[in-house]
Amino acid sequence: MSSFPSGPDAYPGPHSDVDFERCDAPLNLEPLPGALLLGPCNKLLKRGSRRNWPQSEVHELAALLAGCATISGSGANAAGAWAFTELLDEWSSFLLENPEVRKQVDPVYVTADPATGTGIPGALAAPAMPQHWPANLPPLMPVGNCGCMWTFPGGAQGHAAAAYLSGALRERNPGLVVRVVASPTPQIEYS
């Protein structure tokens, strides 16, 4: 588990020397149960502005989100996922101001629109995948079972992998629409 600076003023500012080019946490493709976020998010929501957040409560939430690509918002997880959604604006601003924390929770997503590309227009088909994956890039990490979404850790390596996958998918699937999203927050999945 990573250690955090002590006290709100001890976090590095947005122009600090912190190595922002790598994500510290390994990716976890299992959806994080939203119910686990309810308590930590409610604590921070009660404090209001991110400037009032104590380091211990930030650490609690960041530890849960470290390496998380997806939050489950279904069933018993809905309230926790909603609490996280309510916190998103302040949390995103906090992460932009505190790269030491952000690099723990910084996934990059690549999605392919299954209704585009070769084949019948509007048909939902997973794209043909690249035949080779460069050894110097993070491994291809599918999200879910649709064959149309992948995630990588943030930072230079994750962005390089996303760019490579985007190009390789478009090369093998003419007309395919591919989207790359770099986000300091995981996606929320409802099923």
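For the reader, a short list of remarks on this structure follows.
- Pairs meeting the criteria (first residue in the stretch 134-148 and on the phi > 0 side of the Ramachandran plot, second residue hydrophobic (A, V, I, L, M, F, W, C) and assigned to a loop (DSSP other than H, G, I, E, B), beta carbons under 9 Å, at least 6 apart or on different chains) are GLY144/LEU29; GLY147/ALA125; GLY147/ALA126; GLY147/MET129.
- Restricting LEU124, LEU96, LEU137 to those that are surrounded by fewer than 22 Cβ atoms within 10 Å (Cβ to Cβ), assigned by TED's automatic domain parsing to the domain that holds LEU32 and either closer than 17 Å to ARG172 by Cα or not hydroxyl-bearing (Ser, Thr, Tyr) (or both) reduces the list to LEU96.
- Filter pass, GLY175 being assigned to a loop (DSSP other than H, G, I, E, B) and either farther than 10 Å from TYR109 by Cβ or free of Cβ contacts under 8 Å to residues at least 40 places away in the same chain (or both): yes
- Screening THR116, THR85 for residues that are among the hydroxyl-bearing types (Ser, Thr, Tyr) and assigned by TED's automatic domain parsing to the domain that holds VAL181 leaves exactly one candidate, THR116.
- Restricting attention to the stretch 27-46, the residues being surrounded by fewer than 22 Cβ atoms within 10 Å (Cβ to Cβ), under 28 Å from PRO138 (Cβ atoms) and of a type outside the set (D, E, K, R) number 5.
- Matching helices (runs of 4 or more DSSP H) fully within the stretch 52-160 where at least 1 residues are within 15 Å of PRO31 (Cα to Cα) and in contact with a strand residue (DSSP E or B) (Cβ under 9 Å, 6 or more places away or on another chain): 55-65, 78-97
The values are calculated or read from the model by the stated rules, or taken from the named source; none is laboratory data. Just so you know, these numbers come straight off a predicted model, no measurement behind them. FYI the Cβ positions are ideal-geometry reconstructions off the backbone, even for glycines, and counts take in every protein chain you see.
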